[in-house]
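**Q** What follows is a structure written as structure tokens; I'll ask about it next.
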Amino acid sequence: MTSHKAVTLGLAGTGRIGTSHAETLKNFPNVANVVVADADPERARTTATKLDLEFAPDLEALFAADLDGLIITTATDSHPELILRAVDAGLPVFCEKPVAADIEGTLAVLDHLQNSTVPVQIGFQRRFDAGYRAARAAITSGALGWLHTLRATTLDPTPPPAAYIPHSGGIFRDCGVHDFDIIRWVTGREITQVYATGTNQGDQVFTESGDVDTAAVLLHLDNETLATVSLTRYNGAGYDVRLEALGSTANAIVGLDDRSPLTSVEPDYTPSPLPAYPGFMDRFRNAYTEELTAFISVINGNLENPCSPTDALEAFYVAEACELSRREHRPVEITEVRR
């Protein structure tokens, strides 16, 4: 039976993405209430006051608020504890990626979830973007013929704050993991081998943190399709996230529109009058809304979990293999990092 129950949601973490989610949810007709909390209680109080939501001074008060589900947008190292606490309380969970800071932590969460029926949805919002969904439909229907090449880009206009970099997990785990997940999702195939390299020409914090500010990855899929992923923290023209799916008979391109930060130097080119996307919040605004809509359907039992922790683990394995490849300057099979 389809349920349309209005739900009460807890939201842990009122940073940029958490506050954006809270603002989106308060306008959903099937959300009765949103209760917000943060490690910094005053930040949560400010968000609650601004958006006219309920404030919880700490996690104890949040979990005592008669919730129907929990949304986790806190720092990565707190994800495992919050996921397991919610699941043990019978609360469906939506958690921004990643599940945990490393593979071992992710596997520990998965092990705990083995005997649980409580859904845990991980936030890979590109799965809910209309363009990526159209590309998936074109690929899986055979409309492109056989797929020979995928070209993915995630090019940020400016780096995150310097204090974030040492704790980010590196460009592959923090940034490229979205491309790895979406390549698996649109193709329905597994990535078997990677070769990754990277460079630094920007802020020294990347070098000091053992990270890179620009990277390139070559991926082999299990059906002989090749994929490339380009990543940078310094794409000053704007936020550029695309996927080109090139087949034997046709192609499908995601993210090519009037706000793409691309400039042709051909003499007959007419630039778009629209500004380039400034960042991921603007580019994926509709996808974030669809993602949260799906979570409410999951809570009400109307939808199977669209992105499980197991999916997140597979993308994390690819990111881990990329980091090993970059450090050792060699191709790496995904089986080398799989636990």
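**Q** I want to verify a result. In a Gaussian network model of the chain, Cα cutoff 10 Å, which of these has the top mean-square fluctuation: Phe28, Phe94, Phe316?
**A** Phe28
**Q** Here's another thing I want to ask about it. So how do 291-303, 11-23 stack up, highest first, on mean other-Cβ count within 10 Å?
**A** 11-23, 291-303
**Q** Let me ask you something else. Which aspartates and glutamates have a Cα less than 16 Å from the Cα of Lys26, not counting those fewer than 8 places away in the same chain?
**A** Reachable aspartates and glutamates: Asp52, Glu54, Asp68, Glu290, Glu291.
**Q** Report the charge-dipole magnitude of the range 7-118 in Debye, nearest 20, computed about the Cα centre from +1 at each Lys and Arg Cβ and -1 at each Asp and Glu Cβ.
**A** 400 debye
**Q** Another question, if that's okay. Under a crude label model (7 Å from the Cα following the beta-carbon direction), how far is Thr49 from Thr293 in nanometres?
**A** Label-label distance for Thr49 and Thr293, simple model: 3.4 nm.
**Q** Still on this model: In the set (i) 19.1, 60; (ii) 20.3, 64; (iii) 19.3, 69, which value of Rg and Dmax of the Cα atoms in Å was calculated from the structure you see?
**A** Answer by label: (ii).
**Q** Which residue, Gly123, Gly105, Thr47, has the largest displacement toward the positive end of the dipole of the chain when charges sit on each Cβ (Lys, Arg +1; Asp, Glu -1)?
**A** Farthest towards the positive pole: Gly123.
**Q** A follow-up question, please. Compare Arg151, Arg184 by solvent-accessible area with a 1.4 Å probe and give them largest first, with all protein chains kept in place.
**A** Arg151, Arg184
**Q** Gaussian network model of the chain, Cα springs within a sub-10 Å range: biggest mean-square fluctuation belongs to which of Ala138, Ala32, Ala216?
**A** Comparing Ala138, Ala32, Ala216 in the GNM, the peak value goes to Ala32.
**Q** Report Thr192's accessible area, 1.4 Å probe, all protein chains in place, as a number in Å² to the nearest 10.
**A** Accessible surface of Thr192 is approximately 50 Å².
**Q** Follow-up question, since we're still on this one. I'd like the FRET efficiency for Ala6 and Asn302, computed as 1/(1 + (r/R0)^6) with the beta carbon distance as r and R0 of 22 Å, rounded to 0.05.
**A** 0.95
**Q** Additional query: Considering only Lys26, Lys50, Lys97, give the residue with the highest GNM mean-square fluctuation for the chain, with springs between Cα atoms whenever their separation is below 10 Å.
**A** The residue with the greatest mean-square fluctuation here is Lys50.
**Q** Determine, from the Cβ-Cβ distance of Leu226 and Thr310 and an R0 of 22 Å, the FRET efficiency 1/(1 + (r/R0)^6), rounded to the nearest 0.05.
**A** The value I calculate is 0.30.
**Q** In whole Hz, what ³J(HN,Hα) sequence does the range 110-120 give by Karplus (6.51, -1.76, 1.60; θ = phi - 60°), x for Gly and Pro?
**A** Coupling constants for the range 110-120: 4, 4, 5, 7, 3, 9, 10, 9, 6, x, 10 Hz.
**Q** Return the long-range amide H neighbours of Lys97 (sequence gap of 5 or more, or a different chain), with a cut-off of under 5 Å between placed amide H atoms.
**A** Gly123
**Q** Then there is this: Just how far, in whole angstrom, is the range 222-244 from the range 136-190 if you go by their alpha carbon centroids?
**A** One Cα centre to the other: 7 Å.
**Q** Whose amide H sits under 5 Å from the amide H of Thr158, counting only residues 5 or more places off or on another chain, with H placed in the peptide plane?
**A** Excluding prolines and chain starts, which carry no amide H, the hits are Asn235.
**Q** Same structure, new question: Determine how large the accessible area of Arg189 is when every protein chain is in place; take a 1.4 Å probe and give Å² rounded to the nearest 10.
**A** Approximately 90 Å² of Arg189 is accessible to the 1.4 Å probe.
**Q** Same structure, new question: Cut-off 18 Å, label point 7 angstrom out along Cα-to-Cβ of Glu23: give me the residues of the range 254-288 whose amide nitrogen falls inside.
**A** Residues 277-288 qualify, since their backbone N sits under 18 Å from the label point.
**Q** With each pseudo-label sitting 7 Å past Cα toward Cβ, what's the Ala162-Ala89 distance in nm, one decimal?
**A** Once both label points are built, they end up 3.9 nm from each other.
**Q** Looking at Val217, Gly145, Tyr195, which one has the Cα that reaches farthest to the positive end of the dipole of the chain (charges on Cβ: Lys, Arg +1; Asp, Glu -1)?
**A** Among Val217, Gly145, Tyr195, the one farthest towards the positive end of the dipole of the chain is Gly145.
**Q** Taking the simple approach of a point 7 Å from Cα along Cα-to-Cβ for both Glu104 and Thr192, what is their distance in nm?
**A** 3.1 nm
**Q** For the range 117-275, which whole-number percentage of the solvent-accessible area (1.4 Å probe, protein heavy atoms only) is attributable to carbon and sulfur atoms?
**A** That share works out to 54 percent.
**Q** For Phe55, what residues show an amide H to amide H distance below 5 Å, using hydrogens built from the backbone and excluding near sequence neighbours?
**A** When sequence neighbours closer than 5 places are left aside, the close amide H contacts are Val36.
**Q** OK, next. Accessible area per residue for the chain in Å², computed with a 1.4 Å probe and the full protein assembly in place, what is it?
**A** That works out to 46 Å² per residue.
The values are calculated or read from the model by the stated rules, or taken from the named source; none is laboratory data. Here the structure is a predicted model, which is why all the values come from computation and not from measurement. So basically every Cβ, Gly included, is an ideal-geometry build from the backbone, and we count neighbours across all protein chains shown. Side chains included, ligands, DNA and RNA excluded: accessible areas come from the protein's heavy atoms. Shrake-Rupley method; radii C 1.70, N 1.55, O 1.52, S 1.80 Å.
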